[in-house]
Amino acid sequence: MPSPQPRSAFSEADHWHMRHALMLARRALGRTAENPPVGCVIVQEGRIVGVGRTADGGRPHAETQALDMAGEAARGAIVYVTLEPCAHHGRTPPCTDALITAGVARVVAAVTDPDPRVNGGGLKRLREAGIETRSGLMEREARRLLAGFILRHEENRPFVQLKLAISADGAIAAEPGAPTAITSTAALRRAHLMRAQADAILVGGGTVRADDPMLTCRLPGLERYSPVRIVLSRACDLPVDAKVFATAREVPTWVFTTIEGRERALELKRRHPALNVAPLKHGDDGEIPVAEVLGRLAEMRINRLMVEGGARTARHFMKSGLVDEVVLFEAQKKRLGEGALPALAGLPLDEALSGYELTRELPLGPDVLKRYERQDMK
């Protein structure tokens, strides 16, 4: 595998065009099925002649679309791509073959592909065809966008994003089991955009009982990007007519339970045949092991998981050490007072976030979005 190039090996123009490719890749989050969200920019003598991102559903790939746009202008051009071009035959021919046929002169990749069918082989094949290759440009930024795809190949799990809406005094509900509106419309819209960028969304059984949520994206024009819905419930003591089950024909829905909850889960499936159920062994603490859940989701080729609640489920995931990013929607003025339900069901928020770095603060009306990334993320 080629070694990433030092920053000094890349020009200002290289950085500019890779930033453009990353912007394109970001638009593909949550839309590419099991495939990675990739962006590609083709430049001929300083002029952009082709752009592309992984298409909805995962095909065509970014490079193919950019080459189609560039046409003959791709000959002798520079290609900027956020992930190493594929070198294997899948449902489509390898992107390396398309780049070689197009006669490009140089390929700059942000990240080498962790898929064992590629893993440096794409760049090697390009070099053997006489094409100059470089890798490692803006690698950290690209790995953030590709984190789910990378983790699925390297750790057999998806990227895990925990989202919490909390009051100024750190609570998520006025009392246990009581639905409570905390944040503004602007924050709610942002949360729905996050749903559209996820491949799956997960809540605990308590959230289904208390809120009866749909767990879909309801932003105009983005409804079709609603993620796969996952309900985690040990005993599967769930309302049979909950919206999330009644709409399982429209949006894929799974219930993860324990062996003890299996019969109730099967009864749910009898009422809602489109529902999927997955009984798992519980851990010594009686809980469904997070690692088991994530392993199953990796088998389903889920790249990005959004965990949305409630407090007990959030605490369970945080204690597992497998949450990669925490997104807090903080209401700056609303306080829920004594008796309110703490965000992590008794686990102090400051303690839970001690291994995370605050990477972004964004005002959203009267609220603030804060994004924390795990410090040991690759």
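Annotations
- The single residue among 253, 207 that is of a type in the set (S, T, N, Q) and touching a Leu at 6+ places or on another chain (Cβ under 6 Å) turns out to be 253.
- Residue that is touching a Ser or Thr at 6+ places or on another chain (Cβ under 7 Å) and either within 30 Å of residue 175 (Cβ to Cβ) or in contact (Cβ under 8 Å) with a residue 40 or more places away in the chain (or both), where the choices are 295, 283, 321, 310: 310
- Filter pass, residue 53 being open to solvent by 40 Å² or more (accessible area, probe 1.4 Å) and either farther than 26 Å from residue 157 by Cα or polar (S, T, N, Q) (or both): no
- Residue pairs meeting the criteria (Cβ under 7 Å; at least 6 apart or on separate chains; first under 17 Å from residue 376 (Cβ atoms), in the stretch 343-358; second among the polar types (S, T, N, Q)): 355/375; 356/375; 357/375
- Among (1) closer than 27 Å to residue 29 by Cβ; (2) open to solvent by 60 Å² or more (accessible area, probe 1.4 Å), the one test that residue 367 misses: (2)
- When residues of the stretch 104-122 are limited to those that are modelled with pLDDT of 95 or more and open to solvent by less than 20 Å² (accessible area, probe 1.4 Å), the one farthest from residue 72 (Cα to Cα): 111
- Scanning the stretch 192-214 for residues that are outside any helix (DSSP H, G or I), within 18 Å of residue 180 (Cβ to Cβ) and in contact with a Ser or Thr (Cβ under 9 Å, 6 or more places away or on another chain) yields a total of 4.
- Residue tally, condition open to solvent by less than 40 Å² (accessible area, probe 1.4 Å) and more than 18 Å from residue 229 (Cβ to Cβ), over the stretch 239-278: 1
- Residue match in the stretch 87-96 (condition: within 24 Å of the chain's Cα centre (by Cα), farther than 20 Å from residue 20 by Cα, surrounded by fewer than 24 Cβ atoms within 10 Å (Cβ to Cβ) and without any contact (Cβ under 8 Å) to a residue 12 or more places away in the chain): yes
- Screening residue 84 with (1) open to solvent by 20 Å² or more (accessible area, probe 1.4 Å); (2) more than 27 Å from residue 217 (Cα to Cα); (3) under 20 Å from the mean Cα position of the chain (by Cα) gives one miss only, at (1).
- Any pair with Cβ under 9 angstrom, 6 or more apart, that starts in the stretch 170-195 at a residue that is within 16 Å of residue 312 (Cβ to Cβ) and ends at one that is open to solvent by less than 20 Å² (accessible area, probe 1.4 Å) and in a helix (DSSP H, G or I): 171/311; 172/311; 172/314; 173/311; 176/311
- Subset of the stretch 331-344 (residues that are open to solvent by 20 Å² or more (accessible area, probe 1.4 Å) and either touching a helix residue (DSSP H, G or I) at 6+ places or on another chain (Cβ under 9 Å) or among the polar types (S, T, N, Q) (or both)): 332, 341, 342
- Pair list, Cβ under 6 Å, 6 or more apart: the stretch 117-128 residue farther than 10 Å from residue 107 by Cβ, other residue surrounded by fewer than 16 Cβ atoms within 10 Å (Cβ to Cβ) and among the aliphatic types (A, V, I, L, M): 120/1
Per-residue answers, yes or no, for (1) charged (D, E, K, R); (2) at pLDDT below 95:
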position: 139; (1), (2): yes, no
position: 156; (1), (2): no, no
position: 159; (1), (2): no, no
position: 173; (1), (2): no, yes
position: 181; (1), (2): no, yes
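Yes or no, residue by residue, for (1) open to solvent by 40 Å² or more (accessible area, probe 1.4 Å); (2) assigned to a strand (DSSP E or B):
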{"position": "292", "(1), (2)": "yes, no"}
{"position": "296", "(1), (2)": "yes, no"}
{"position": "306", "(1), (2)": "no, yes"}
{"position": "317", "(1), (2)": "no, no"}
{"position": "346", "(1), (2)": "yes, no"}
{"position": "354", "(1), (2)": "yes, no"}
{"position": "359", "(1), (2)": "yes, yes"}
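- Residue match in the stretch 155-169 (condition: free of Cβ contacts under 8 Å to residues at least 40 places away in the same chain, surrounded by 22 or more Cβ atoms within 10 Å (Cβ to Cβ) and not hydrophobic (A, V, I, L, M, F, W, C)): no
- Of all residues in the stretch 205-228, those satisfying the criterion of being within 20 Å of the chain's Cα centre (by Cα), touching a residue at least 60 places away in the same chain (Cβ under 8 Å) and buried (at least 22 other Cβ atoms within 10 Å of the Cβ) are 215, 227.
- Given (1) over 21 Å from residue 35 (Cα atoms); (2) open to solvent by less than 10 Å² (accessible area, probe 1.4 Å), number of the condition residue 100 does not satisfy: (2)
The values are calculated or read from the model by the stated rules, or taken from the named source; none is laboratory data. All values reported here derive from a predicted model rather than from experimental measurement. Every residue, glycine as well, gets a Cβ built from its backbone with ideal geometry; the counts of neighbours run over all protein chains shown. Heavy atoms of the whole protein, side chains included, go into the accessibility calculation; ligands, DNA and RNA do not. Shrake-Rupley method; radii C 1.70, N 1.55, O 1.52, S 1.80 Å.
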